[in-house]
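The values are calculated or read from the model by the stated rules, or taken from the named source; none is laboratory data. None of the values given here were measured: they were computed from a predicted structure. Neighbour counts run over all protein chains shown; Cβ positions are idealised from the backbone, glycine included. What goes into the accessible areas is simple: the full protein's heavy atoms, side chains included, and nothing from ligands, DNA or RNA. Shrake-Rupley method; radii C 1.70, N 1.55, O 1.52, S 1.80 Å.
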Amino acid sequence: MIAARGLAKRFGHSLALRGISLDAEPGDVLGLIGPNGAGKTTTIRILATLIPPDTGSAQVAGCDVVNDVEELRRRIGFMPELFGLYDELTVEQYLDFFARVYGFCGRERRRVVDEVLELVDLTNKREDRCEGLSKGVRQRVYLARTLLHDPQVLLLDEPASGLDPQARIDLRVLLGQLKEQGKTLLVSSHILTELEQVCTRVVVIEAGRVRFAGTMSEVAETLGEREVTLRLLDEVGADKAEALLANHAKLRANELTRQGARLTFRLAAAPADVAGLHRELVGGGIDVFSFEVREPSLESLFLDVTQGEVR
Ligand SMILES: Nc1ncnc2c1ncn2[C@@H]1O[C@H](COP(=O)(O)OP(=O)(O)OP(=O)(O)O)[C@@H](O)[C@H]1O
Ligand SMILES: [Mg+2]
């Protein structure tokens, strides 16, 4: 659905992109992550056909960003970093206006407006004027506008920026729903923890280059270290588990902390090794009350792969 190869872009003396490649399959939510000035907006603007790349190529929803501009625009929804609404219109009038621009008429137009209002959960705000809306609601109104023509691909530039924690959760749920509908999403952010739960793939860019690209499980693989919290039935069980873990190859003994019958440790291991450890414990006759694994976070990946090269 999205395939970019070697995108480069120069603004005057500054090289904003130095060969960005990325891919997203149908149903993917691709997180485009990077610090300020990394090239996220430039990449998205190229994919949305607002600016052409100097070199490199890209296809979105089966269309080329240079040769099939009009058809590509019909197939995508684009939400820019900064946008305005028409303050004097109500939410419904605003959406109705753009539905008209997209060529919907009569009953059909009312239907698509009702549908997107429902989807972004703004039906009760349809009569409100855009002027007085909070940031989170404005964000959803704009998102509704990008959904009117039922695009296959959504390009969202920092949709979570400036939202309060509740609005971010709402946005995440909404992005999850769009993914369920089979849409392909590209979402940029430096607020990493917001994307973690909804992304299927991530591309971390910095200073116009890709530093890391992969699926969420590859992110976990790369980072390796998972945190395991193990609760045993009683202290005797905890003694046995501690003894078993003390000799475990993938775990350094000084990384284990114990509180009563609860053990916490970090493990540099693949998912199969983690499952194997669980099997060893149970196989060794140890009564495991709970075995909880925390995957490495995008936050730690981000700090790992970017080197603070902010421009
Ligand atoms: N129209 C422009 N004219 C000149 N320089 C530009 C232009 N657009 C982007 N740049 C430069 O290109 C680089 C990448 O900018 P871009 O906006 O793509 O980064 P970003 O990752 O979106 O950053 P942010 O997180 O701050 O939104 C920056 O150095 C920026 O100054
Ligand atoms: Mg930007």
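So for the range 112-160, averaging the separation of alpha carbon pairs under 8 Å that are six or more residues apart and normalising by length, what relative contact order in percent results? Show your work: numbers first, answer last.
Details: 21 pairs, mean separation 21.1, N = 49.
That works out to 43 percent.
Taking the Cα-to-Cβ direction at GLU88 and at GLU235 and moving 7 Å from each Cα, how far apart do the two end points lie in nm?
Those two pseudo-labels are separated by 7.7 nm.
With r as the distance between the Cβ atoms of SER217 and PHE289 and R0 = 22 Å, compute the FRET efficiency 1/(1 + (r/R0)^6) and round to 0.05. Write down the numbers at each step before the final one.
Values: r = 27 Å, r/R0 = 1.22.
The value I calculate is 0.25.
Treat every Asp and Glu Cβ in the chain as -1 and every Lys and Arg Cβ as +1, leave all other atoms uncharged, and give the resulting dipole magnitude about the Cα centre to the nearest 20 debye.
Numbers: 39 positive and 47 negative charges, 134 e Å.
That gives the chain a dipole magnitude of about 640 debye.
Name the shape class, rounded, prolate or oblate, that the alpha-carbon gyration tensor gives for the range 1-85, where a ≥ b ≥ c are the square roots of its eigenvalues, rounded holds for a/c under 1.5, and otherwise prolate holds if a/b is larger than b/c and oblate otherwise. It would help to have the intermediate numbers written out before the result.
On the way: a/c = 1.35, a/b = 1.24, b/c = 1.10.
Verdict is rounded for the range 1-85.
Give me the distance in nm between label points sitting 7 Å out from Cα along the Cα-to-Cβ direction at ALA275 and ARG5, one decimal.
Modelled inter-label distance: 3.6 nm.
According to a simple spin-label model (label point 7 Å from Cα along Cα-to-Cβ), what is the distance in nm between ARG129 and ALA249?
7.1
Of all DSSP beta bridges located in the chain, what percent are antiparallel, nearest 5? Could the numbers behind the result be given before it?
Details: 38 of 55 bridges.
Antiparallel: roughly 70 percent of the beta bridges in the chain.
Can you pick out the pairs among LYS183/LYS250; LYS9/LYS125; LYS135/LYS183; LYS40/LYS135 whose Cα atoms lie more than 31 Å from each other?
Details: LYS183/LYS250 40 Å; LYS9/LYS125 41 Å; LYS135/LYS183 25 Å; LYS40/LYS135 22 Å.
Check vs 31 Å cut-off fails for LYS183/LYS250; LYS9/LYS125.
How much FRET efficiency would the formula 1/(1 + (r/R0)^6) give for ARG74 and ARG111, where r is the Cβ-Cβ distance and R0 is 22 Å, rounded to 0.05?
On the way: r = 19 Å, r/R0 = 0.86.
Calculated value: 0.70.
Given contacts defined as C-alpha pairs under 8 Å and at least six residues apart, what's the relative contact order of the chain, whole-number percent?
Numbers: 576 pairs, mean separation 66.6, N = 311.
Averaging sequence separation for qualifying contacts and normalising by length gives 21 percent for the chain.
For the chain, which whole percent of the accessible surface, found with a 1.4 angstrom probe, sits on carbon and sulfur atoms?
Whole-percent figure for carbon plus sulfur exposure: 48.
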